[in-house]
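Trainee: The structure under discussion is supplied below as structure tokens; questions concerning it will follow.
The values are calculated or read from the model by the stated rules, or taken from the named source; none is laboratory data. None of the values given here were measured: they were computed from a predicted structure. As a convention, Cβ positions derive from the backbone with ideal geometry for all residues, glycine included, and neighbour counts pool all protein chains shown. Side chains are part of the model used for accessible areas, which takes the heavy atoms of the whole protein and leaves out ligands, DNA and RNA. Shrake-Rupley method; radii C 1.70, N 1.55, O 1.52, S 1.80 Å.
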Amino acid sequence: MELTFVQRLRLRASAFRAAAMNRAAHAAARVRYAMPDAQPAKHGVAVMRNIVYGPTTKNAHLLDVYVPLLQSKPRPVVMYVHGGGFSM
């Protein structure tokens, strides 16, 4: 089934809006993480960034690990998974 011109135009507009929202969200996150209270070291936490957990080095297969610096015994683990969005 071939898409009509209007359908293709709507798909492109949706993709453009999604890309714009993604850029805006990442820009807001960069601003927030630049603030002094958002620094993990200030709270006694070390960060290991971009740890590969999948078969490739795609951004979808990287994670950040936050490790408490001064722990005398094992602690529980909290895993946060961001739902993100789906794209076609």
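Trainee: Starting with the highest mean, order 20-29, 1-10 by the number of other Cβ atoms within 10 Å, averaged over the residues of each peptide.
Mentor: Descending mean neighbour count gives 20-29, 1-10.
Trainee: Let me ask something additional. If you plug each phi of the range 5-20 into the Karplus form 6.51 cos²θ - 1.76 cosθ + 1.60 with θ = phi - 60°, what whole-Hz ³J(HN,Hα) values come out, in order, with x for Gly and Pro?
Mentor: Coupling constants for the range 5-20: 4, 5, 5, 5, 4, 5, 5, 5, 5, 5, 5, 4, 4, 4, 5, 5 Hz.
Trainee: Put +1 on the Cβ of each Lys and Arg and -1 on the Cβ of each Asp and Glu in the chain; which of 25, 41, 60 then has its Cα farthest toward the positive end of the dipole?
Mentor: 25
Trainee: Under a GNM of the chain (C-alpha, springs under 10 Å), which listed residue has the highest mean-square fluctuation: 78, 67, 45?
Mentor: Top of the fluctuation ranking is 78.
Trainee: Using the Karplus curve 6.51 cos²θ - 1.76 cosθ + 1.60 with θ = phi - 60°, what ³J(HN,Hα) values do you get for each residue of the range 23-39, in whole Hz, with x for Gly and Pro?
Mentor: Those phi angles translate into 5, 5, 5, 5, 5, 5, 5, 4, 5, 5, 5, 7, 6, x, 6, 8, 8 Hz.
Trainee: What FRET efficiency, computed as 1/(1 + (r/R0)^6) with R0 = 22 Å and r the Cβ-Cβ distance, is obtained for residue 26 and residue 77, rounded to the nearest 0.05?
Mentor: 0.25
Trainee: Continuing with this model, one more query. Using a 1.4 Å probe, what is the accessible area per residue for the chain, in Å²?
Mentor: 97 Å²
Trainee: Mind checking the dipole of the chain: about its Cα centre, +1 per Lys or Arg Cβ, -1 per Asp or Glu Cβ, Debye to the nearest 20?
Mentor: The calculated dipole for the chain is roughly 140 debye.
Trainee: Report the label-to-label distance for residue 48 and residue 65 in nanometres (one decimal), using points 7 Å from each Cα along the Cα→Cβ vector.
Mentor: 0.2 nm
Trainee: Taking all protein chains in place and a 1.4 Å probe, what share, in percent, of the accessible surface of the chain do carbon and sulfur account for?
Mentor: Result for the chain: 64 percent of the exposed heavy-atom area is carbon or sulfur.
Trainee: For the range 1-42 and the range 43-79, what is the centre-to-centre distance using only Cα atoms, to the nearest Å?
Mentor: The two parts, judged by their Cα centres, are 25 Å apart.
Trainee: Taking 7 Å along the Cα-to-C-beta vector as the label spot, tell me the residue 3-residue 39 distance in nanometres, rounded to one decimal.
Mentor: Using points 7 Å along Cα→Cβ, the separation is 4.7 nm.
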